[in-house]
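**Student:** Below is the structure I would like to discuss, written out as structure tokens.
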Amino acid sequence: MDDESGGLTLATFASSLLNTLVRLTGLALLGIGTWTAVNLIEEVWALYHDPARPTVEHFATAIENASHVDRLLTPKHGIGAEDTAAPDATGASPDARSAVPAAAPATKTEETFRFSYFIAWPIVLLMLLLIGRLALAMIKIGGELALYDVQIRRFAAGLLREVARNR
């Protein structure tokens with residue numbers, strides 16, 4: 001194909017294809033970033049209304065399973081915590097106590113202090129901030145890519161003005 005005939009050349013076809021791909025990528029990033037930001041706002045709003053949501057509880061459980069920080073910081077209570085060789089309040093020896101059937105341990109109805117829960121909150125907040133930052137970056141870059149042609153034309157016009165001014 002001849003360049004002077006005004007027909008479609010390989011360079012113009014490649015340029016228009018690249019422009020289209022860049023714009024579609026920009027629109028995809030813009031959509032994903034907006035969707036992520038909306039979901040993030042919904043999650044933050046839900047955490048504001050219900051701070052005891054399972055989201056933080058899942059992180060606290062994962063932290064406890066990995067580090068056992070709650071078990072390290074919680075004092076020992078219940079069976080096995082006392083010295084078995086010492087006589088009890090009635091003065092009976094450990095052998096005499098073992099002959100008497102043990103009563104079923106009382107179930108604890110009170111909540112214990114969970115340090116992992118307090119560790120989980122900053123982690124959740126930092127993750128929400130990180131996701132928000134990434135969503136804003138996707139929206140910004142997606143918008144720039146969607147307007148790719150406009151920016152390139154503005155850059156080319158400024159470049160031509162600068163070349164004309166230097167002559």
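**Student:** Restricting segment 114-123 to residues that are aliphatic (A, V, I, L, M) and at pLDDT below 90, which is farthest from D70 (Cα to Cα)?
**Tutor:** Going through the qualifying residues, I end up with A120.
**Student:** Give me a count of the residues in segment 10-41 that are of a type outside the set (A, V, I, L, M, F, W, C), surrounded by fewer than 14 Cβ atoms within 10 Å (Cβ to Cβ) and either in contact with a helix residue (DSSP H, G or I) (Cβ under 6 Å, 6 or more places away or on another chain) or at pLDDT below 95 (or both).
**Tutor:** Looking only at that region, the number is 5.
**Student:** Working only within segment 124-156, note down all residues that are modelled with pLDDT under 85 and of a type in the set (A, V, I, L, M, F, W, C). Spell out the reasoning first.
**Tutor:** Taking segment 124-156 first, the residues modelled with pLDDT under 85 are 148-156.
Those that are modelled with pLDDT under 85 and of a type in the set (A, V, I, L, M, F, W, C): V150, I152, F155, A156.
**Student:** Does any residue of segment 98-109 turn out to be at negative phi and at pLDDT 75 or above? Spell out the reasoning first.
**Tutor:** Our first condition is that a residue be at negative phi; within segment 98-109, this holds for 98-109.
The next check asks that each one be at pLDDT 75 or above; those that pass are none.
There is no residue in segment 98-109 that is at negative phi and at pLDDT 75 or above.
**Student:** State which residue is nearest to E43 (Cα to Cα) when the search covers only segment 129-155 and only residues that are of a type in the set (V, I, T) and surrounded by 14 or more Cβ atoms within 10 Å (Cβ to Cβ).
**Tutor:** Here is the first cut: in segment 129-155, the residues of a type in the set (V, I, T) are 131, 139, 141, 150, 152.
So of that shortlist, the ones also surrounded by 14 or more Cβ atoms within 10 Å (Cβ to Cβ) come out as 131, 139, 141.
Numbers: I131: 11, I139: 19, I141: 24 Å.
Among those residues, the one meeting the criterion is I131.
The values are calculated or read from the model by the stated rules, or taken from the named source; none is laboratory data. Predicted model, so just to flag it, every value in this text is computed and none were measured. Note: ideal-geometry Cβ built from the backbone for every residue, glycine included; neighbour counts use all protein chains shown.
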